[in-house]
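The values are calculated or read from the model by the stated rules, or taken from the named source; none is laboratory data. These numbers were taken from a predicted model, which means no experiment stands behind them. All Cβ positions, even for glycine, are placed from backbone atoms using ideal geometry, and neighbour counts span all protein chains on display. Heavy atoms of the whole protein, side chains included, go into the accessibility calculation; ligands, DNA and RNA do not. Shrake-Rupley method; radii C 1.70, N 1.55, O 1.52, S 1.80 Å.
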Amino acid sequence: MSGEEVVDIDKNSETIVRAILKMAEDRARAIRKEAEERANEIIGSAKEEADIIIKAKRERIERELREEVARKRSAAEVEANQLILRMKTELLNELFRRVNQKLAAISEGQDLNWEYKELLAKYSLEGAKALEEKRVYLMGRENDKKLLESISKELGKRDIEALVNDKTIPIIGGVVVRDERDMRRYYNTFDGRFGAYKEAKEIEIIQRLFGEA
Amino acid sequence: MEAENEATKITLEAEEEAKRIIEEAEEEAKRIIEEAKNSPVEAKLPKNIDREAQEIVERAKMKVEELRENAMKKMNFLANEIVREVLEGEWGGSSRHR
């Protein structure tokens, strides 16, 4: 082997070594680059997930706040309605108390606008006619016994045999007419009439008491 | 031979570094998500809701007084009207007693 040939072989080896190292470094750069890209992806996704978490938390808190506001408003409206309802109930009871008081005054003969005996007579006749019996009994207050006796005689003139029941009933006024066997009764008491009236007209009464007109 | 060993070393080092980069990124991702989970999100009730609620009740109280005043004006007249309707209307009724 000549001296020239030895020099060529050394040069070739050096070139090969450099090429091998360059390939390795290129490969290393590619590996690092790929890792950095993957790392960026991982952090990017984490940031997106974090944004979703925060957004969901904010939406939940805002929803809870909206519910709290609605609850407070609704509680205030319920309280307001209760105030109005309580006052209406109170005044309606006061109205009914006054009506009862006035009915009691009428049956005691203290209201000169009404002739109690006429009312009793009318109610007794109405009851007797409704029962369609030959003989009826009139039941009323202890205080009304004499009035009922007198009315029973007047009914006699109309071919209705009416007797006054010994047993009295605790009512404001008016009369209960019953048949002989006490199987049927016709209630024409102030109490019963007012009860039926209230049942039928309560809504109308409320409108009249609290309405604009 | 030495060159091959050096090349292998370079590649292995790069792979180690890549592994560390990804592990650090995963740690950072966990930290970001934990921070989001624990971060305080502030939201306040509108300041005026309590005042609004109070106003609703106050308005009702005023309405109650107004209604009461108007109703009291009508009360006696209405009581007389009802007495007349109760006494003159057809409110009697029969029932089977036994």
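Note that the protein assembly as shown presents 66 Å² accessible area per residue, ligands and nucleic acids not counted, probe 1.4 Å.
Does the stretch A:69-135 classify as rounded, prolate or oblate by the C-alpha gyration tensor (a ≥ b ≥ c root eigenvalues; a/c under 1.5 gives rounded; else a/b over b/c gives prolate, otherwise oblate)? Each step should come with its number before you reach the end.
Working: a/c = 8.13, a/b = 2.60, b/c = 3.13.
Oblate shape, in that a/c is at least 1.5 and b/c is the bigger or equal ratio.
Subtracting the Cα-Cα distance of A:Leu163 and A:Arg38 from 0.36 nm times their residue separation leaves 33.9 nm of extension gain. Spin-label pair A:Ala200-A:Asp111: with each label point 7 Å from Cα along the Cα-Cβ axis, the two points sit 1.8 nm from one another.
Surface composition of chain B: carbon and sulfur make up 48 percent of the accessible area, probe 1.4 Å. Under 5 Å between amide hydrogens, built in the peptide plane, is the criterion, and for A:Ile169 it picks out A:Gly140, A:Arg141, A:Glu142 among residues at least 5 positions away or on other chains.
Along each principal axis, taking the top coordinate minus the bottom one, the Cα set of the stretch A:1-160 gives 171, 34, 21 Å in descending order.
Considering only the Cα atoms of the protein assembly as shown, their convex hull presents on average a projected area of 34.0 nm².
Please find the FRET efficiency linking B:Asn80 to A:Glu126, where r is the Cβ-Cβ separation and R0 is fixed at 22 Å, and quote it to the nearest 0.05. Mind showing how you got there, number by number?
Working: r = 23 Å, r/R0 = 1.03.
My answer for the efficiency is 0.45.
Shown in residue order for the stretch A:161-168 are the 3J(HN,Hα) couplings computed by the Karplus curve 6.51 cos²θ - 1.76 cosθ + 1.60 at θ = phi - 60°: 7, 10, 10, 8, 6, 5, 6, 9 Hz (x for Gly and Pro). If a/c stays under 1.5 just call it rounded; otherwise compare a/b with b/c (prolate if a/b is bigger, oblate if not). Do that for the stretch B:39-98, with a ≥ b ≥ c from the square roots of the Cα gyration tensor eigenvalues. Oblate, because a/c is 1.5 or more while a/b does not exceed b/c.
Model label points for A:Asn143 and A:Gln82, set 7 angstrom from Cα along the Cα-to-Cβ axis, are 4.1 nm apart. Of interest is the spacing of the C-alpha centroids, which for the stretch B:1-43 and the stretch A:1-46 amounts to 23 Å.
Taking the average, over residues, of other Cβ atoms within 10 Å as the packing measure, peptides A:150-156, A:101-107 rank A:101-107, A:150-156 from highest down.
Over chain A, what is the relative contact order in whole percent, taking alpha-carbon pairs under 8 Å and six or more residues apart? Each step should come with its number before you reach the end.
Working: 160 pairs, mean separation 31.3, N = 213.
In percent, rounded to a whole number, it is 15.
Interface size between chain B and chain A, please: total buried accessible area, 1.4 Å probe, rounded to the nearest 100 Å². Approximately 6400 Å² gets buried when B meets A. For the stretch A:137-178, the share of accessible area belonging to carbon and sulfur comes to 48 percent (1.4 Å probe, ligands and nucleic acids excluded). Within 10 Å of the Cβ of each residue in B:41-53, the mean number of Cβ atoms contributed by other protein chains is 5. Please work out whether the stretch A:141-189 counts as rounded, prolate or oblate from its C-alpha gyration tensor, where a ≥ b ≥ c are the square roots of the eigenvalues and a/c under 1.5 means rounded, while otherwise a/b larger than b/c means prolate and anything else oblate? Oblate, because a/c is 1.5 or more while a/b does not exceed b/c.
Only Lys, Arg, Asp and Glu count, each charged at its Cβ (+1, +1, -1, -1), so figure out the dipole size of the protein assembly as shown about its Cα centre, rounded to 20 debye.
Details: 61 positive and 71 negative charges, 865 e Å.
Charge dipole of the protein assembly as shown: 4160 debye, to the nearest 20.
Over the stretch A:94-213, what is the relative contact order in whole percent, taking alpha-carbon pairs under 8 Å and six or more residues apart?
Values: 158 pairs, mean separation 30.2, N = 120.
That works out to 25 percent.
Here, the stretch A:115-201 is characterised by an Rg to Rh ratio of 0.95, where Rg is the alpha-carbon radius of gyration and Rh the Kirkwood radius.
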